[in-house]
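The values are calculated or read from the model by the stated rules, or taken from the named source; none is laboratory data. If you're wondering where the values come from, they're calculated on a predicted model, not measured in any experiment. Please note: Cβ atoms are built from the backbone with ideal geometry, for glycine as well, and neighbour counts cover all protein chains shown. We work out accessible area using only protein heavy atoms, side chains counted, and drop any ligands, DNA or RNA first. Shrake-Rupley method; radii C 1.70, N 1.55, O 1.52, S 1.80 Å.
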Amino acid sequence: MISTVVLASGEGARYGTRKQFLTLAGTRLVDRAVATASSVADAVVLVLPAGVHWGGAPVAAVVSGGPTRADSVRSGLRALPSGTDLVVIHDAAHPLASRALFEAVIARVQAGAYAAVPVLPIVETLARRGDDCLLDTTPAGDAVLVQMPQAFRFHVLAEAYGRGMLARDVASGTERVLWAKSD
């Protein structure tokens, strides 16, 4: 069974508001994310800020997020239906991820990977900044930008979060298995 956890519990501190509830072309970002997730998954679990009511399309479960992203993911994982063997994690603040992208990461896991994470190559130069200057620069090399959605074999992700993973990004705490093939 394929299930998706849509994270929509962020406070939007860097953005200044909960961007997941803003509209794009007349539709809330969270509604776009849920619709795409629903088109590829058997079940969708939506993680919302505490006290926020869901009035959108039907989902398998709506749960409250926690104080950190890791806590919110844990909340979503606990609410997944029994029988979930592949889980996709998506962020409602990224509403333009296509069905094809969801299908691509799902297919990669179904083909034997423990996880599949879409990335974009960095083509610019990377730099570290000091107070008022650049400290050093380096070519981007093999650096990539990690994107959403991210697909995992359920047991791999559940094990990582069961160990108390505190990563900001879901893929960060599972780097040892991201590109590994199963036996």
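Tabulated data
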quantity	calculated
Residues with amide H under 5 Å from that of Y114, placed H, sequence gap 5 or more	A180, S182
Carbon plus sulfur fraction of accessible area for segment 1-84, probe 1.4 Å, in percent	53
Projected-area average for the chain over all orientations - Cα convex hull basis, square nanometres	12.3
For segment 22-69: accessible area per residue (Å², 1.4 Å)	47
For A37, net neighbour charge (Lys/Arg +1, Asp/Glu -1) across residues whose Cβ lies under 12 Å away	-2
Ordering of 64-72, 37-45 by packing [mean C-beta count within 10 Å, highest first]	37-45, 64-72
Alpha carbon centroid spacing (whole Å) that separates segment 70-87 from segment 109-146	28
Difference of contour (0.36 nm per residue) and Cα-Cα distance, L120 to T27	30.8 nm
